[in-house]
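Peer 1: Before I ask anything, here is the structure I am working with.
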Amino acid sequence: MIEVKQLTKRYGGTTAVKDLTFTVDPGQVTGFLGPNGSGKSTTLRMILGLHEPTSGTVTVEGRPFRSRPRGLRHVGSLLDAQEVHGGRSAVAHLSALARSNRIPRRRVDEVLERVGLAEVAGRRIGGFSLGMKQRLGIAAALLGDAPVLLFDEPLNGLDPEGVKWVRDLFRGLAAEGRTVFVSSHLMSEMEHTADQLIVIGRGELIAAESLEEFSARGTRQSVMVGTPDTEILRDLLAAEGAAVRADGRLLTVTGLSAARVGEIALVHRVPLHHLSTRSGSLEEAFMELTADSVQYLAGEPR
């Protein structure tokens, strides 16, 4: 378990994190979301004791992480897959981590096998692709068989097969009762992976709730309508105040219920081949609820 209480971090006159309070529970994958510059990386670094909070507290399994003499046995983390010595081999890199944390040498071979790098274990890391470095970073996080795992943008550089593998890995780790905390900007993957969400903006908490709750409260439902008379129905629905987007013979309608769309079509004798309601996506909810917290907008002066 990770417990963050009234956590604040200031750099001079800039407040990166402000009065954050949340809990990350074991047994589930918790996604950590926020726009660029929202304070996610700063928060992760404070959890790991790399940055000292200005005020507030953060504990992992009931204690500050800095108090753990063999950290990898308690928390496994991947913050930046590029922060490795390119001249070392993968096996040398992990062996050094194992020795410094008193982890059995056999774990090095086990995690290299698990992440799919066993065949390149002796190669220098400098020749690895970004995806291979991500796998190596995940291997390092798994090395100590820790109950708490933190990952910052773990999917960067991975191909579709690698993304699916990571998704299954995180779910498997959570099913073992571990605390899995994942920061990512890929909403589609969080939608397939996360059970709970922590969402921040400009360093402040926006939401701490289930994926379903967050997606539902931040979006409007839309109605999908299939008809051969798209132009006629589109004009009728627009006259009722609906927003309508056409894609061939399929209309996406917001602002009216499915029942009302069906009534309008019936009255005007417009045939329907399809009528269904679609809930909003995580990405739509995120964009809507963090709109006021976006720090860097494309095309705007700074």
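Peer 1: Among residues belonging to the range 29-47 that are more than 11 Å from the chain's Cα centre (by Cα) and β-branched (Val, Ile, Thr), point out the one that is nearest to Glu61 (Cα to Cα). Full working, then the answer.
Peer 2: From the range 29-47, those more than 11 Å from the chain's Cα centre (by Cα) are 35-39, 41-47; that's our starting set.
Going one step further and asking which of them are β-branched (Val, Ile, Thr), we end up with 42-43, 47.
Working: Thr42: 20, Thr43: 17, Ile47: 11 Å.
For the range 29-47, the residue satisfying everything is Ile47.
Peer 1: Within the range 108-115, is even one residue in a loop (DSSP other than H, G, I, E, B) and at pLDDT 95 or above? Write out each step before concluding.
Peer 2: First, pick out the residues of the range 108-115 that are in a loop (DSSP other than H, G, I, E, B): 115.
Next, only the ones that are at pLDDT 95 or above stay: 115.
Yes, there is a match, as at least one residue in the range 108-115 is in a loop (DSSP other than H, G, I, E, B) and at pLDDT 95 or above.
Peer 1: When the range 73-94 is examined, which residues are found to be among the β-branched types (Val, Ile, Thr) and farther than 20 Å from Asp152 by Cα? Break it down stepwise before answering.
Peer 2: Here is the first cut: in the range 73-94, the residues among the β-branched types (Val, Ile, Thr) are 75, 84, 91.
Selection gives Val91 alone.
Peer 1: Against the condition out of contact with any Pro (no Cβ under 9 Å at 6 or more places or on another chain) and outside any helix (DSSP H, G or I), how does His93 come out, does it pass?
Peer 2: Values: out of contact with any Pro (no Cβ under 9 Å at 6 or more places or on another chain): yes; outside any helix (DSSP H, G or I): no.
Taking the combined requirement at face value, the residue does not satisfy it.
Peer 1: May I pose another question? Checking Ala298 against (1) part of a loop (DSSP other than H, G, I, E, B); (2) within 30 Å of Thr42 (Cβ to Cβ); (3) at pLDDT 90 or above; (4) aliphatic (A, V, I, L, M): exactly one of these is not met. Which one?
Peer 2: Only one criterion in (1) part of a loop (DSSP other than H, G, I, E, B); (2) within 30 Å of Thr42 (Cβ to Cβ); (3) at pLDDT 90 or above; (4) aliphatic (A, V, I, L, M) is unmet by Ala298, namely (3).
Peer 1: For the range 166-212, enumerate the residues that are touching a strand residue (DSSP E or B) at 6+ places or on another chain (Cβ under 8 Å), farther than 30 Å from Val111 by Cβ and not small (Gly, Ala, Ser).
Peer 2: Answer for the range 166-212, where residues must be touching a strand residue (DSSP E or B) at 6+ places or on another chain (Cβ under 8 Å), farther than 30 Å from Val111 by Cβ and not small (Gly, Ala, Ser): Val199, Ile200, Arg202, Glu204, Leu205, Ile206, Glu209.
Peer 1: Can I ask one more? Condition test on Gly144, is it out of contact with any helix residue (DSSP H, G or I) (no Cβ under 9 Å at 6 or more places or on another chain) and either crowded, with 22+ Cβ neighbours inside 10 Å or modelled with pLDDT of 95 or more (or both)? Give the steps one after another, and end with the answer.
Peer 2: Working: out of contact with any helix residue (DSSP H, G or I) (no Cβ under 9 Å at 6 or more places or on another chain): no; either crowded, with 22+ Cβ neighbours inside 10 Å or modelled with pLDDT of 95 or more (or both): yes.
Judged against the criteria, Gly144 is not a match.
Peer 1: If I filter the range 246-268 down to residues being assigned to a strand (DSSP E or B) and within 12 Å of Gly226 (Cα to Cα), which single residue comes out as modelled with the lowest pLDDT?
Peer 2: Initially, the range 246-268 is screened for residues assigned to a strand (DSSP E or B), giving 246-247, 250-254.
Then keep just the ones that are within 12 Å of Gly226 (Cα to Cα); that gives 246-247, 250-253.
Values: Ala246: 88, Asp247: 82, Leu250: 90, Leu251: 93, Thr252: 89, Val253: 89.
Here the residue is Asp247.
Peer 1: May I pose another question? Specify which of the listed residues (Thr23, Thr15, Thr30, Thr43) is more than 23 Å from Leu173 (Cα to Cα) and in contact (Cβ under 8 Å) with a residue 12 or more places away in the chain.
Peer 2: The unique qualifying residue is Thr15.
Peer 1: Let me ask you something else. Restricting to the range 1-37, name every residue that is in a loop (DSSP other than H, G, I, E, B) and either in contact with a Lys or Arg (Cβ under 6 Å, 6 or more places away or on another chain) or at pLDDT 95 or above (or both).
Peer 2: Step one: list which residues in the range 1-37 are in a loop (DSSP other than H, G, I, E, B), which gives 1, 12-13, 25-27, 34-37.
The answer is Met1, Asp25, Pro26, Gly27, Gly34.
The values are calculated or read from the model by the stated rules, or taken from the named source; none is laboratory data. Everything numeric in this text was worked out from a predicted model, so none of it was measured. Using ideal geometry, Cβ is built from the backbone for each residue, glycine included, and neighbour counts are taken over all protein chains shown.
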